[in-house]
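Let me begin by presenting the structure, written as structure tokens, before commenting on it.
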Amino acid sequence: MKSITIVGSGASGTILAINLIKNYKGSSKLEINLIERDTDKLNLGVAYSTEEFEHLLNVKAQNMSIFKDDPDHLINWLKKYGYNYSANDFIPRKAYYPLYHQIYSLIFWYHHYRL
């Protein structure tokens, strides 16, 4: 079994776990441990726990895909769920969180991972 521990389960830690699972090619079981000091912010971190739509990402939407092999993933997801943002927009942090939380939930459910 391969075991990986990620300290911090904010956006970066969660996205790292998502990509490790998605891209894992090993034959042995993969165990991922996410460690978070503040369980109220699990998968949010400070940056994405905001409730304010005025708090924007500091990077354009076109550069915020979770997946390197699918650079339009965020833009397509935003359109699918009724958001009206373009690739050049700085989207609200509150709009970005549901994307990676949805992917995190689906991947962990599909691959039978647990925290």
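Values in this text are rule-based calculations from the coordinates and carry no lab data. As the structure is a prediction and not an experimental result, all values here were calculated from the model. We place every Cβ from the backbone using ideal geometry, glycine too, and count neighbours over all the protein chains shown.
Numbers for the structure displayed
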{"read-out": "Filtered residue count, segment 76-97, keeping only those that are closer than 24 Å to GLU51 by Cβ, out of contact with any strand residue (DSSP E or B) (no Cβ under 8 Å at 6 or more places or on another chain) and assigned to a helix (DSSP H, G or I)", "value": "8"}
{"read-out": "Where a residue in segment 56-75 is closer than 11 Å to ILE103 by Cβ and its partner, wherever it lies, is among the basic types (Lys, Arg) and in a helix (DSSP H, G or I), with Cβ under 9 Å and at least six apart", "value": "PHE67/LYS22"}
{"read-out": "Segment 1-29 residues that are part of a loop (DSSP other than H, G, I, E, B), paired with ones that are surrounded by 12 or more Cβ atoms within 10 Å (Cβ to Cβ) and hydrophobic (A, V, I, L, M, F, W, C) (beta carbon under 7 Å, 6 or more apart)", "value": "SER9/LEU34; SER9/LEU42; GLY10/LEU44; GLY10/ALA47; TYR24/LEU30"}
{"read-out": "Residues within segment 54-103 that are among the charged types (D, E, K, R) and over 19 Å from ILE15 (Cα atoms), tallied", "value": "4"}
